[in-house]
Amino acid sequence: MEPIIKAAIPVLPAADTIESLKWWTEACAFQEVFRDATPPTYAGISRGEAHLHIAGMSDRELARKVGDQTMVRLVVKGIEAM
């Protein structure tokens with residue numbers, strides 16, 4: 001049987017992991033699933049069937065540069081309610 005890829009989890013770079021996590025959970029209503037430490041440098045979030053990871057980068061300039069090149073598209077049913 002051929003292996004089947006069932007999902008992909010984007011890893012988003014963050015210049016400030018705490019602020020990024022706060023934005024995704026407060027503004028976008030994602031739930032924090034895990035974090036590596038307090039304060040976190042790596043965390044997982046989810047909403048419905050969408051899963052994302054946030055990875056802190058010590059080089060803030062590089063985090064912004066990589067972040068500018070990163071895209072995540074979410075398919076939402078009932079977007080009007082958001």
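So in the stretch 29-45, with the set limited to residues that are in a loop (DSSP other than H, G, I, E, B) and under 27 Å from Ala81 (Cα atoms), which one is least open to solvent (accessible area, probe 1.4 Å)? Looking at residues that are in a loop (DSSP other than H, G, I, E, B) and under 27 Å from Ala81 (Cα atoms), I get Phe30.
Here is a yes/no grid of residues against (1) open to solvent by less than 80 Å² (accessible area, probe 1.4 Å); (2) among the small types (Gly, Ala, Ser):
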site: Ile4; (1), (2): no, no
site: Pro10; (1), (2): yes, no
site: Ala14; (1), (2): yes, yes
site: Trp23; (1), (2): no, no
site: Ala27; (1), (2): yes, yes
site: Arg47; (1), (2): no, no
site: Arg60; (1), (2): no, no
site: Val66; (1), (2): yes, no
site: Thr70; (1), (2): yes, no
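Taking every residue in the stretch 56-82 that is β-branched (Val, Ile, Thr) and pairing it with any residue that is part of a loop (DSSP other than H, G, I, E, B), at least 6 positions away or on another chain, the pairs with Cβ-Cβ distances below 7 Å are Val72/Pro10; Val76/Met82.
A quick yes/no check of all residues on (1) touching a residue at least 24 places away in the same chain (Cβ under 8 Å); (2) acidic (Asp, Glu):
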{"position": "Met1", "(1), (2)": "no, no"}
{"position": "Pro10", "(1), (2)": "yes, no"}
{"position": "Asp16", "(1), (2)": "yes, yes"}
{"position": "Trp23", "(1), (2)": "no, no"}
{"position": "Gln31", "(1), (2)": "no, no"}
{"position": "Asp36", "(1), (2)": "no, yes"}
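The values are calculated or read from the model by the stated rules, or taken from the named source; none is laboratory data. The structure displayed is predicted, hence computed values, not measured ones. Here the Cβ is made from the backbone with ideal geometry for all residues, glycine too, and neighbour counts use every protein chain on show. Heavy atoms of the whole protein, side chains included, go into the accessibility calculation; ligands, DNA and RNA do not. Shrake-Rupley method; radii C 1.70, N 1.55, O 1.52, S 1.80 Å.
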